[in-house]
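Participant: Below: one structure in structure tokens.
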Amino acid sequence: MSKRIDINNLNVYYSSFLAVEDVSLSIEPKSVTAFIGPSGCGKSTFLRTLNRMHEVIPGARVEGEVLMDGVDLYGEDVDPVTVRRHVGMVFQRPNPFPTMSIAENVLAGMKLNNKRLSKSDADDIVESALKGANLWEEVKDRLDKPGSSLSGGQQQRLCIARAIAIKPDVMLMDEPCSALDPISTLAIEDLIADLKDQYTIVIVTHNMQQAARVSDKTAFFNIAGTGKPGKLIEMNDTPTMFSTPSEKATEDYISGRFG
Amino acid sequence: MSKRIDINNLNVYYSSFLAVEDVSLSIEPKSVTAFIGPSGCGKSTFLRTLNRMHEVIPGARVEGEVLMDGVDLYGEDVDPVTVRRHVGMVFQRPNPFPTMSIAENVLAGMKLNNKRLSKSDADDIVESALKGANLWEEVKDRLDKPGSSLSGGQQQRLCIARAIAIKPDVMLMDEPCSALDPISTLAIEDLIADLKDQYTIVIVTHNMQQAARVSDKTAFFNIAGTGKPGKLIEMNDTPTMFSTPSEKATEDYISGRFG
Amino acid sequence: SPSNEEEPTDSSTAGGTESDAPEAMELSGSLVGAGASSQESAMEAWRAGFQGMHPEVTVSYDPVGSGGGRTQFTDGATSFAGSDALMDEEEYAAAVEACDGDMGAIHLPLYISPVAVIFNLEGIDSLNMDADTIAGIFNGEITSWDDAAIAEQNPDAELPSTPITIVHRADESGTTENFQDYLVKAASNWPAEETSGDWQGASGESGPGTSAVVQIVQDNTGAIGYADASRAGELGTVALKVGEEYVPFSAEAAAAVVDASPLSTGANGENDLAFELDRTTTASGAYPLVLVSYTIVCQQYDDEAERNLVTEFVKYVASEDGQNQAASAAGSSPISASLSERVIGILDGIAAG
Amino acid sequence: MFTNQRRARVTTTQEPPAPQADAQEYSTHPGAAANRLFGGLSAGAATLILVTLAAVATFLLIEAWPAMTASSAELSDKVHWLGTESNETLLATIGFLVYGTVLISAIALLIATPLSIGIALFISHYAPRRLAQGLGYLIDLLAAIPSVVYGLWGAIVVIPVLQPFYEFLERYLGWIPLFAAADDGSVSGTGRVALSAGIVLAIMIIPIITAVTREVFLQTPTLHEEAALAMGATRWEMIKMAVFPFGRSGMIGATMLGLGRALGETMAVYMILSPGLTFSPYILQAAQHNTIASYIALQFPEANQDGVSALITMGLALFVITLLVNMLARWIVSRRADFDGAN
Amino acid sequence: MTDMTTETTSPLGALTGRRKFLNNWMTAVVYGAFILALIPLVWLSFTVIDRGLDRFFVDSNGENNFNWDFLTQDMRNIFGGMPEGGIFHAIWGTVMMTLAATVISVPIGLLTSIYLVEYGRGWLKRSVTFFVDVMTGIPSIVAGLFAYAVFAIIVGPGTKLGIVGAVALSVLMIPVVVRSSEEMLRLVPNELREASYALGVPKWLTVMKVVVRTAIAGITTGVTLAIARVIGETAPLLIAVGVADSLNYNLFDGRMMSLPVYIVSEWRKGEQPCNNPDVACVANITEMRAWAAALVLILIVMSLNLIARLIAKYFSPKTGR
Ligand SMILES: Nc1ncnc2c1ncn2[C@@H]1O[C@H](COP(=O)(O)OP(=O)(O)OP(=O)(O)O)[C@@H](O)[C@H]1O
Ligand SMILES: Nc1ncnc2c1ncn2[C@@H]1O[C@H](COP(=O)(O)OP(=O)(O)OP(=O)(O)O)[C@@H](O)[C@H]1O
Ligand SMILES: [Mg+2]
Ligand SMILES: [Mg+2]
């Protein structure tokens, strides 16, 4: 599990619009990396290039390299479908499949590769994934209820369980807590702290306190104005970023001067 | 213009769900009052009771008193339509009418009510409202362009212009900057500072820095957990709230311990 | 004719006034009729011809069907009706009510059309058959073209072993009614005892309207059906056994059977030319498989203008000119000269007032 | 919200107490009556729909009543296409027709549904965006082609082309009763059979079903599609996971819309089918089936008053069938509402 | 299943053959379905254009010359295989009856959808929603029977007028208008309603001037499509209006012709006997007329669709970017 990612000179486009310009950075295995920055600066866009979800949008394309343990994810022989098996993703709004039960949601990814899953194997996977997502205790008595019957925070943890059930190497999270209440937020943050023992985690957040609490490294993106591309301003260890940022823009942003 | 509001023991319901419990507070005229608190604690819900927008939602209702200069807005003889002419509102996402030009948007309060305006009166109103909203310079050459052709921040100021064009006594703002970029945010904050000379302003914000910057008084709402009602924890002068809050919860929230 | 000397009157039913230049027979107004769809094509020709002579006149004819036509006529909604079948007693009585005065209504046989039994066999234009053979085919007993019953009567024809496909009308129609009436009366082996406008034989292919039937026969080798003779086109047709000879359909042969037939026993006086068609006639040169569609008119019209419109129009229909027009447009058989004269005489006697 | 009464009280109060005077500032706005009137008007229009529907049912019942209540002997006396024998009575005729209607519509639906879903998927998830827009427009246009044109085309152009294919079907699949030949060993030589009617109806309803399903597929939340893709699903797996479950009720609705069209279609069947009245399963033989609508169109022109009454009874039966189909669809959709993707 | 595809040696591991195969196979099936369905539709369009043009190449002498007579003539005094005869009266009949149906349906339909979206509550809303669905399913011939029965009872048996047809068509049209307008009204974001309420605008003005105004593009499109839906109806008109051969502008007096009914009645006439060599006669003129009328009908429907799109474009809220 858990791999390192090196991004070299990545430009990300929506058709002809350059949304993110010339980003190079490295993400360490078994660590939490946080992306912060004002709205529209391209955090989500950049994050989605890491598991090739970006190209799902018509007209969207990428220039540059994304190396995962040295393999270029955008290489010729690489099938995006396999990339996404290795790099899981959790979205801003929890999105369990509404037609599936809780257990089916967890198994959704598994079932793709392994049609004939024995009942006991399936049960094991459900249990371990839900335990990994800190959700087991709350739902173990109603695994056959629809996933949409859970609260927002529970749904988000269900999505995390669904993502870890396929045992990815990297986990991307795009503002996983922004639709949640404070209590659920705490639960997810605790979970992230647990998960980093096994996974490489990249998290986008709007909440500086959250970034400070959960991440080992922080990358700050900014944008010069609408229509301009987003850029990586600086990346550093989180404590350093929040105490002594090297850029003025970072300091302004972190101190709440704008945003 | 500009009136004081006293709220006594207000309970706010969605059908049978008690969303906000037993709030009593007073809002001073010609001041900015900020409501802060974690997501879902009922800030928006409470704000909307102040101009009877709450009851637009089917099944929604209110118990208690909202006195505006002594008149109960929920009194028997009071027509919500008239209340809303006295208490203007600006929403989280800018929502100019897409079928109207910039000028028509400003005049919407009159036009939609079938008021007949002479051309010169109309022009005067448009100009003064747009000036009041700090937007005149930017749009005076394209008043007949659709309102939706403006940038997000301009649209939000257009909505403010639309609200002040009907000369309300009180102005409610529900997270007016949360959909805006940093530059637009600054413009709106400056505008609020200007407006408080004439209006009683109530603003909901997620951004503590913003509350600190623009408000005279701050009220902190909190919620014990999902399904529980939101409550007013404490209200005080803004500097006092941010330096020496009297409640532990307030301190936790402000210091970023959660949210 | 006296009708043209009348003063113009305002009429509600005929909806028009007559000009006061009698000699030129200038008519105006609108004349409304409804009834059998079999007459539709002929009626189009007649209306066109008549309207050409009298530009101020509009004749309309609604092909609602014989039953509907009679009903509308006896309800007083129309001035004349077209019908493939005779009125029954009730309708005669209702007609007395509807026609002003107590002379009631009469039938005039103005559209005579032979019905051809058409078939599609390569290289064969005509076949001889007696009524029993036709009934045998259409009730499903004879299923192959080389059946002995057919072969016996057609020693010269090279009959293939193709199976027979029966084609009939899917909707209720006068053509079907007359075809089946022929089989009921002339054949010994037709299952039904009463004539009906609905198909009673073996089920086969069917389509709505004559053209659909012709189309189906045209498209299918081995198919046999019945249709207005005018629509037979290139298809093979059957010569019927009448007496000892085989008579192919022709205009004259069709008209002949009408002349040879007695009047119905229920007829309303001598002016009512309601024929009881003699399907079993042995008269030489008669073709008994005909469809006679009547024009039903009142013996008396209250309204002068209406009377004039009806009589002038129907006279035109009965005239040689009118009959030829229909023959060319719809392929009907012109009525004989004597019948034509008789009809015109009857029309001249229709009263007004 | 505010009655006239209240307004009257406020305006006639001579000396209101101090706070009351202020309250007047917030009292009824001008035009409150118009507000109420408008609300009433729209509720009235809605009620009118109920009234219309009740009227449809009532008028049909009134007109059908004579035929429904007459004894079969009495009725067959007046309406000669109805006989006295047990398989010729009005009820039996309706039975045959209901069977024929359902059979032909079922054929149409069986052919049209999978194809429509295929096209809809092609447009929503496979075709390049530019092309998809054009195709969407094309499908909308085809949905608007009048059914009489389909009938004309079916009767004159299509059937002759289909007939040889039927012989082929009979030769190789004739052991299935559905495709069995008549006693003389051949299928209809004209192709004017239930299968033809079914096929032409299918072609007719494909654009309708496609248009609706396409809209539904396009509305699948990106959230769910991306959830599936992010899990490493292929395109087809994503469709199975996210698109179909979400569009399930929409697809059922679209199918029912198509079925409704097929059930009620008159002219196409009228022009294409050699009708007959039996309960036979043979869809390659002529004179076996007919639909209610086509039967009405066939008999209406020459029908007398009692005949019309009998035909209206059949119309009522058709109305009831479509009502049942609608209710069934609703029931299917609501059955798993808990798990419904549209929630 | 075994591996069905040649696999590339992906550094991250490849898809199992079964999944890849299924994915490719389903792609093929979807493309196949699309092409299969396209065949009849293209075939139909081609046939109608090809055969529909024939009539325009027959002049009044039966010669092969292009002319527009078909659009300017009616069927008065046309019989047999006469090479003339057109659809002027049928176009007008179609236009008049469809227009009347629209005038009846749109106010009722629009108000009902407003009720459902803005006011509806409780059992009335539920039953209206349900019965609008039921009404969508009314077979067109039943609608014709209904209109016929209503006028038979009120005016007298056998009443066949343009307005009877219009009533039948509006029974078919109302539910379509309700459904599409309802959908469009629902698409109007709540925030616009709230913006209006917050300005002290009463509900009905909000509905009329904000909600309906914003949705007007969609509503007009819906109405136009509803018109397209009923303009091709045949069976109800056959029953409720009958046939006519010349122009009639009066919906309340006499029968009217319409294009779909014209098509059927010409088709029913079939091949005409041409046995008088002195008169110009075209045996299959009726079939030509039927196809030509079908072509014109389709063109009308298509231009309605086009107009709907243009209207939608014109009225739709300007985004300005
Ligand atoms: N599907 C798309 N097509 C075209 N442009 C897009 C698309 N999605 C995003 N963009 C543009 O790309 C830029 C970056 O957007 P992105 O969503 O990545 O920002 P973000 O930093 O995630 O913002 P937020 O904090 O609001 O989520 C923005 O200018 C945005 O308008
Ligand atoms: N229309 C509604 N119907 C029922 N419950 C609602 C509705 N809107 C909000 N609520 C509930 O009322 C509570 C308060 O919601 P409210 O939107 O007022 O919170 P808030 O403090 O404004 O949150 P945020 O910061 O996310 O805007 C929440 O529990 C919410 O789920
Ligand atoms: Mg984002
Ligand atoms: Mg809020």
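For (1) of a type in the set (S, T, N, Q); (2) within 11 Å of chain E (Cβ to nearest Cβ); (3) surrounded by fewer than 24 Cβ atoms within 10 Å (Cβ to Cβ); (4) at negative phi, each residue gets a yes or a no:
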| site | (1), (2), (3), (4) |
| --- | --- |
| D:Gly232 | no, yes, no, no |
| D:Thr266 | yes, yes, no, yes |
| D:Ser294 | yes, yes, no, yes |
| D:Ala297 | no, yes, no, yes |
| D:Asp306 | no, no, yes, yes |
| D:Met314 | no, yes, no, yes |
| D:Met327 | no, yes, yes, yes |
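Participant: Tell me which of these D:Ile252 doesn't satisfy, since it passes every other one: (1) in contact with a Phe, Trp or Tyr (Cβ under 9 Å, 6 or more places away or on another chain); (2) within 14 Å of chain A (Cβ to nearest Cβ); (3) among the β-branched types (Val, Ile, Thr).
Facilitator: Tallying (1) in contact with a Phe, Trp or Tyr (Cβ under 9 Å, 6 or more places away or on another chain); (2) within 14 Å of chain A (Cβ to nearest Cβ); (3) among the β-branched types (Val, Ile, Thr), D:Ile252 fails exactly one: (1).
Participant: Follow-up. Select from region B:171-187 the residues that are surrounded by fewer than 23 Cβ atoms within 10 Å (Cβ to Cβ) and under 14 Å from the mean Cα position of the chain (by Cα) and list them in ascending order.
Facilitator: B:Asp174, B:Glu175, B:Ser178
Participant: Considering only residues that are in contact (Cβ under 8 Å) with a residue 12 or more places away in the chain and part of a helix (DSSP H, G or I), look in region A:56-103 and name the one that is farthest from ligand 3 (Cβ to nearest atom).
Facilitator: Ranking the candidates gives A:Ala103 first.
Participant: Could I ask something else about it? Just one of the numbered conditions (1) touching a Leu at 6+ places or on another chain (Cβ under 7 Å); (2) in a helix (DSSP H, G or I); (3) over 17 Å from D:Leu110 (Cα atoms) is not true of D:Ile208; which one?
Facilitator: (3)
Participant: For region D:300-320, give me the residue count where each residue is more than 23 Å from the chain's Cα centre (by Cα) and assigned to a helix (DSSP H, G or I).
Facilitator: 6
Participant: While we're here: Tally the residues that are more than 8 Å from every other protein chain (Cβ to nearest Cβ) and within 30 Å of B:Thr185 (Cα to Cα), restricting the search to region B:69-89.
Facilitator: Number satisfying all stated conditions: 1.
Participant: Tell me, please, whether a residue that is within 14 Å of chain D (Cβ to nearest Cβ), away from ligand 4 (no atom under 16 Å from the Cβ) and touching a His at 6+ places or on another chain (Cβ under 6 Å) can be found in region A:14-30. Can you show your working first?
Facilitator: Of region A:14-30, the ones within 14 Å of chain D (Cβ to nearest Cβ) are A:14-15.
From what is left, the residues that are away from ligand 4 (no atom under 16 Å from the Cβ) are A:14-15.
Still in the running and touching a His at 6+ places or on another chain (Cβ under 6 Å): none.
No, region A:14-30 has no match at all.
Participant: List the helices (runs of 4 or more DSSP H) that sit entirely inside region B:179-259 and contain at least 1 residues that are at pLDDT below 85 and within 14 Å of another protein chain (Cβ to nearest Cβ).
Facilitator: Values: elements: B:182-195, B:208-214, B:238-243, B:248-254.
Once the helices (runs of 4 or more DSSP H) in region B:179-259 are filtered for at least 1 residues that are at pLDDT below 85 and within 14 Å of another protein chain (Cβ to nearest Cβ), what remains is B:182-195, B:208-214, B:248-254.
Participant: A follow-up question, please. So B:Asn51 clears everything in (1) within 16 Å of ligand 2 (Cβ to nearest atom); (2) without any contact (Cβ under 8 Å) to a residue 12 or more places away in the chain; (3) within 13 Å of chain E (Cβ to nearest Cβ) except one condition, right? Which one?
Facilitator: (2)
Participant: Those residues that are within 11 Å of another protein chain (Cβ to nearest Cβ) and assigned to a helix (DSSP H, G or I), I need them from region D:78-104; list them, please. Walk me through how you get there before you give the answer.
Facilitator: Initial filter on region D:78-104 (within 11 Å of another protein chain (Cβ to nearest Cβ)): D:78-83, D:88, D:101.
Passing the criteria: D:Lys78, D:Glu88, D:Thr101.
Participant: Here are some residues: D:Leu162, D:Leu50, D:Leu138. Which one is at the interface with chain E (Cβ under 9 Å from one of its Cβ atoms) and under 30 Å from E:Ala290 (Cβ atoms)?
Facilitator: Working: D:Leu162 fails: at the interface with chain E (Cβ under 9 Å from one of its Cβ atoms); D:Leu50 fails: under 30 Å from E:Ala290 (Cβ atoms).
Answer to the check: D:Leu138.
Participant: Could you say whether any residue in region C:259-277 is touching a helix residue (DSSP H, G or I) at 6+ places or on another chain (Cβ under 8 Å) and hydroxyl-bearing (Ser, Thr, Tyr)?
Facilitator: The first filter runs over region C:259-277 and keeps only residues touching a helix residue (DSSP H, G or I) at 6+ places or on another chain (Cβ under 8 Å), leaving C:259, C:266, C:268, C:271, C:273, C:275, C:277.
Keeping just the survivors that are hydroxyl-bearing (Ser, Thr, Tyr) gives none.
No.
Participant: Another question about this same structure. How many residues does region A:16-54 hold that are in a loop (DSSP other than H, G, I, E, B) and within 12 Å of ligand 1 (Cβ to nearest atom)?
Facilitator: If we filter region A:16-54 for residues that are in a loop (DSSP other than H, G, I, E, B), which is where we start, we get A:16, A:28-31, A:37-42, A:50-53.
So of that shortlist, the ones also within 12 Å of ligand 1 (Cβ to nearest atom) come out as A:16, A:37-42, A:53.
Number satisfying all stated conditions: 8.
Participant: Under the condition of being at pLDDT 85 or above and part of a loop (DSSP other than H, G, I, E, B), which residue from region E:273-321 is surrounded by the most Cβ atoms within 10 Å (Cβ to Cβ)?
Facilitator: Checked region E:273-321; the qualifying residue surrounded by the most Cβ atoms within 10 Å (Cβ to Cβ) is E:Val282.
Participant: Related question: Quick one: which helices (runs of 4 or more DSSP H) sit completely within region E:92-205 and have at least 1 residues that are away from every other protein chain (no Cβ under 11 Å) and surrounded by 20 or more Cβ atoms within 10 Å (Cβ to Cβ)? Quick ask: steps written out before the conclusion?
Facilitator: Working: elements: E:122-136, E:140-154, E:162-187, E:190-198.
Filter on region E:92-205 gives E:162-187.
Residue-by-condition table, conditions (1) within 14 Å of chain E (Cβ to nearest Cβ); (2) modelled with pLDDT of 90 or more; (3) touching a Cys at 6+ places or on another chain (Cβ under 8 Å):
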| residue | (1), (2), (3) |
| --- | --- |
| C:Thr295 | no, yes, no |
| C:Asp303 | no, no, no |
| C:Arg307 | no, yes, no |
| C:Asp321 | yes, yes, no |
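Participant: Quick check: is even one residue across region A:132-148 within 14 Å of chain B (Cβ to nearest Cβ) and more than 21 Å from D:Pro245 (Cα to Cα)?
Facilitator: Taking region A:132-148 first, the residues within 14 Å of chain B (Cβ to nearest Cβ) are A:138.
Then drop every residue that is not more than 21 Å from D:Pro245 (Cα to Cα), which leaves A:138.
Yes; the residues of region A:132-148 include at least one that is within 14 Å of chain B (Cβ to nearest Cβ) and more than 21 Å from D:Pro245 (Cα to Cα).
Residue-by-condition table, conditions (1) free of Cβ contacts under 8 Å to residues at least 40 places away in the same chain; (2) under 24 Å from C:Val184 (Cα atoms); (3) crowded, with 24+ Cβ neighbours inside 10 Å:
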position	(1), (2), (3)
C:Thr78	no, no, yes
C:Ser83	no, yes, yes
C:Pro114	no, yes, yes
C:Glu141	no, yes, no
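Participant: Looking only at region C:62-78, which residues are closer than 20 Å to E:Ser246 by Cα and more than 14 Å from chain D (Cβ to nearest Cβ)?
Facilitator: C:Thr78
Participant: Quick check on region A:63-71. Is at least one of its residues surrounded by fewer than 18 Cβ atoms within 10 Å (Cβ to Cβ), closer than 23 Å to A:Asn11 by Cβ, touching an Asp or Glu at 6+ places or on another chain (Cβ under 7 Å) and modelled with pLDDT of 90 or more?
Facilitator: Taking every residue of region A:63-71 in turn, at least one turns out to be surrounded by fewer than 18 Cβ atoms within 10 Å (Cβ to Cβ), closer than 23 Å to A:Asn11 by Cβ, touching an Asp or Glu at 6+ places or on another chain (Cβ under 7 Å) and modelled with pLDDT of 90 or more.
Participant: Next up: Do any helices (runs of 4 or more DSSP H) lying entirely in region C:286-353 carry at least 2 residues that are over 27 Å from C:Val247 (Cα atoms), and which ones are they? Explain how you work it out, then say what you get.
Facilitator: Working: elements: C:304-318, C:320-330, C:337-348.
Qualifying helices (runs of 4 or more DSSP H): C:304-318, C:337-348.
Participant: With respect to C:Ser66, determine if the residue is buried (at least 22 other Cβ atoms within 10 Å of the Cβ) and touching a Phe, Trp or Tyr at 6+ places or on another chain (Cβ under 7 Å). Explain how you work it out, then say what you get.
Facilitator: Working: buried (at least 22 other Cβ atoms within 10 Å of the Cβ): yes; touching a Phe, Trp or Tyr at 6+ places or on another chain (Cβ under 7 Å): no.
Against the criterion (buried (at least 22 other Cβ atoms within 10 Å of the Cβ) and touching a Phe, Trp or Tyr at 6+ places or on another chain (Cβ under 7 Å)), C:Ser66 does not qualify.
Participant: Which residues, taken from region B:84-93, are away from ligand 2 (no atom under 16 Å from the Cβ) and buried (at least 24 other Cβ atoms within 10 Å of the Cβ)?
Facilitator: Within region B:84-93, B:Arg84, B:Val87, B:Gly88 qualify.
Participant: Identify all residues within region A:134-151 that are among the basic types (Lys, Arg) and either part of a strand (DSSP E or B) or free of Cβ contacts under 8 Å to residues at least 40 places away in the same chain (or both); write none if there are none. Give the steps one after another, and end with the answer.
Facilitator: Within region A:134-151, the first condition is being among the basic types (Lys, Arg), and the residues that meet it are A:140, A:142, A:145.
Residue satisfying the conditions is A:Lys140 alone.
Participant: When residues of region E:72-91 are filtered for being in contact with a Lys or Arg (Cβ under 9 Å, 6 or more places away or on another chain), over 18 Å from E:Asn284 (Cβ atoms) and assigned to a loop (DSSP other than H, G, I, E, B), how many remain?
Facilitator: Counting residues in region E:72-91 that are in contact with a Lys or Arg (Cβ under 9 Å, 6 or more places away or on another chain), over 18 Å from E:Asn284 (Cβ atoms) and assigned to a loop (DSSP other than H, G, I, E, B) gives 2.
Participant: Taking C:Ile224 as meeting all but one of (1) in contact with an Asp or Glu (Cβ under 9 Å, 6 or more places away or on another chain); (2) within 25 Å of D:Ala194 (Cα to Cα), write down the number of the exception.
Facilitator: Going through the list (1) in contact with an Asp or Glu (Cβ under 9 Å, 6 or more places away or on another chain); (2) within 25 Å of D:Ala194 (Cα to Cα), C:Ile224 breaks only (1).
Participant: Okay, next question. Is it the case, given these coordinates, that A:Pro29 is away from ligand 2 (no atom under 16 Å from the Cβ), out of contact with any Gly (no Cβ under 9 Å at 6 or more places or on another chain) and without any contact (Cβ under 8 Å) to a residue 24 or more places away in the chain? First the steps, then the outcome.
Facilitator: Details: away from ligand 2 (no atom under 16 Å from the Cβ): yes; out of contact with any Gly (no Cβ under 9 Å at 6 or more places or on another chain): yes; without any contact (Cβ under 8 Å) to a residue 24 or more places away in the chain: no.
In short, no.
The values are calculated or read from the model by the stated rules, or taken from the named source; none is laboratory data. Keep in mind that this is a model prediction, so the values were computed, not measured. Using ideal geometry, Cβ is built from the backbone for each residue, glycine included, and neighbour counts are taken over all protein chains shown.
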